[in-house]
Amino acid sequence: MPENSTRYELFYWPGIQGRGEFVRLLLEDRDADYVDVARLPEAEGGVPAIMRFLKGTEPGALPLAPPFLKAGDLVIAQTANILSFLAPRLGAVPASEAARLEANQIQLTIADFVDEIHDTHHPIAVGLYYDDQKPEAARRSQQFIENRLPKFLGFLERVLERNTAAQQAWLVGQDCSYVDLSAFQVMEGLGYAFPKALKKVGPTLPLLGALRDRVAQRPRLSAYLASPRRIPFNQHGLFRHYPELDSE
Ligand SMILES: N[C@@H](CCC(=O)N[C@@H](CS)C(=O)NCC(=O)O)C(=O)O
């Protein structure tokens, strides 16, 4: 049963979509009651609220980094972990154990992919500027475009091919689940960061392309995407567009 009565508190850096966006998409798609705490004025939240949890001065499990979610007394970190907690409550994953495990497996694979996408512009260190690691970023991006991008997106396409029992292919089960929202976000982000590379591989991903379009047209999501709550992609987030790193 969806549990829409809980007010969820999402903690994520303001100003970027980042990994927090995977959680936002689910909360928005399911019309959950949530507050984006760090985007509030400091009197009500803001970045200091994130820092209190990272310093351990708030009760609950200690997070290493955002995103994390507060739900009642629970403090839950790690994007895939947050999603696997929320999804059954919001009716965004089939009920069977097998389906939930498969959804989490795909989500963790997306998390691996997201790390590799991040590392295209920060291959040496997160603490250094892009300008301090440009030659390495170019080498990393070339390898990413040739090998890793087709491998991860091809994996998602193959999962969809194997799940065509439904009229429209979804990644898990017969309806849109949270992993479909995450696949949408990855496709959108790659379209921003690596438009040439994505255009080249696009024809090999017909089911994934169709899934991205269907997710974008979901009524609540399309309203969210057009709203100021959706932060535009920018050069501070996970998906960054450096033309010199993109190629066909
Ligand atoms: N595996 C974690 C990664 C969390 C993460 O890297 N968060 C970033 C923002 S997207 C951060 O704030 N990192 C700070 C740090 O690693 O020191 C997840 O998927 O949630």
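The values are calculated or read from the model by the stated rules, or taken from the named source; none is laboratory data. As the structure is a prediction and not an experimental result, all values here were calculated from the model. Cβ: placed from backbone, ideal geometry, glycine included. Neighbour counts: every protein chain shown. SASA here: full protein model, heavy atoms, side chains in, ligands and nucleic acids out. Shrake-Rupley method; radii C 1.70, N 1.55, O 1.52, S 1.80 Å.
A few notes on this one:
- Distance between segment 179-248 and segment 48-114 - C-alpha centres, whole angstrom: 22
- Summing +1 for each Lys or Arg and -1 for each Asp or Glu among the other residues whose beta-carbon sits under 13 angstrom from that of Arg220 gives +2.
- For the chain, the fraction of 1.4 Å probe accessible surface lying on carbon and sulfur atoms is 51 percent.
- Contact order, relative form, for the chain: 22 percent (alpha carbon pairs under 8 Å, 6 or more residues apart, mean separation divided by residue count).
- The count of lysine pairs in segment 43-200 whose Cα atoms are under 21 Å apart, excluding pairs fewer than 8 places apart on the same chain, comes to 5.
- What the phi angles of segment 209-225 give under the Karplus curve with 6.51, -1.76 and 1.60, with θ = phi - 60°, is a coupling list of x, 5, 5, 4, 5, 5, 4, 4, 8, 4, x, 5, 5, 5, 5, 4, 4 Hz, glycine and proline written as x.
- Whole-number percent relative contact order across segment 137-248, with pairs defined as alpha carbons under 8 Å at least 6 apart: 34
- By average C-beta atoms within 10 angstrom, highest first, the peptides 46-52, 144-150: 144-150, 46-52
- For segment 64-145, the solvent-accessible area works out to 50 Å² per residue, with a probe of 1.4 Å and every protein chain left in place.
- The residues packed around Glu58, meaning those with a beta-carbon under 9 Å from its beta-carbon, carry a net charge of +3 if Lys and Arg are +1 and Asp and Glu are -1.
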